[in-house]
Amino acid sequence: MMKTRFEFNVRGYELDSFGHVNNAVYLNYLEQARWEMFLENEEWGAFLKKNEVFPAVIENRIRYLRELTPFAKAYAETLWKRRGAYLIAHHKIYNQETQKLSAVAECRMLLLSRERIIYEPPESMKNMLEEE
């Protein structure tokens, strides 16, 4: 099982007219959490660079549970799995101060070349991820 954690702070410009984080901003947090995983995992990052492939989001589903407010400290925990050629990221966003769950999401991705050719994850990557 592969699990990652990405910490962040809510910034003032991310708020909507109700004074909490705009719904679309949550997707930015989750995108950054995914990129951090690829950057931190040297083998995965090297595979992307060598093969000139990129994780392309095919589907995002998100459910908002509690708002995040200005300057809150928060984090995204991500459980990584795979389904065939798909990489699946199961995200949970928490308010770090209250430890309450703010949102849950699932993101499906494929590894694509610039020519839009789908790449299978390498065996070493597959071995790190539980099949779903």
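Can you name the residue in the stretch 61-91 that is under 15 Å from the mean Cα position of the chain (by Cα) and under 13 Å from Asn9 (Cα atoms) and is also surrounded by the fewest Cβ atoms within 10 Å (Cβ to Cβ) among such residues?
Of everything passing the filter in the stretch 61-91, Tyr75 is surrounded by the fewest Cβ atoms within 10 Å (Cβ to Cβ).
If you filter the stretch 56-104 down to residues that are of a type in the set (Phe, Trp, Tyr) and touching a residue at least 24 places away in the same chain (Cβ under 8 Å), you find that the one that is nearest to Pro121 (Cα to Cα) is Tyr86.
When you go through Asn127, Asn95 one by one, which is the residue that is of a type in the set (S, T, N, Q) and touching a Leu at 6+ places or on another chain (Cβ under 8 Å)?
So the residue among Asn127, Asn95 that is of a type in the set (S, T, N, Q) and touching a Leu at 6+ places or on another chain (Cβ under 8 Å) is Asn95.
Here Ile58 clears all of (1) closer than 17 Å to Phe6 by Cα; (2) modelled with pLDDT of 95 or more; (3) surrounded by fewer than 18 Cβ atoms within 10 Å (Cβ to Cβ); (4) hydrophobic (A, V, I, L, M, F, W, C) except the condition numbered (1). Within the stretch 1-47, being more than 19 Å from His91 (Cα to Cα), surrounded by fewer than 17 Cβ atoms within 10 Å (Cβ to Cβ) and not acidic (Asp, Glu) holds for Arg11, Gly12, Tyr13, Ser17, Phe18, Gly19, Gly45, Ala46.
If you go through the stretch 92-116 and pick out every residue that is more than 13 Å from the chain's Cα centre (by Cα), surrounded by fewer than 18 Cβ atoms within 10 Å (Cβ to Cβ) and of a type in the set (A, V, I, L, M, F, W, C), you end up with 2. For first residues located in the stretch 24-50 and at pLDDT 95 or above, partners that are surrounded by fewer than 17 Cβ atoms within 10 Å (Cβ to Cβ) and of a type in the set (S, T, N, Q) and lie 6+ apart or on another chain with Cβ distances below 7 Å form the pairs Leu27/Asn60. When you look at Glu7, is it over 21 Å from Glu132 (Cα atoms) and under 14 Å from the mean Cα position of the chain (by Cα), yes or no? Yes. Scanning the stretch 3-18 for residues that are among the β-branched types (Val, Ile, Thr) and either in contact with a Leu (Cβ under 8 Å, 6 or more places away or on another chain) or farther than 26 Å from Leu87 by Cα (or both) yields a single hit, Val10.
The values are calculated or read from the model by the stated rules, or taken from the named source; none is laboratory data. Just so you know, these numbers come straight off a predicted model, no measurement behind them. Note that each Cβ is placed from the backbone with ideal geometry, even for glycine, and that neighbours are counted across all protein chains shown.
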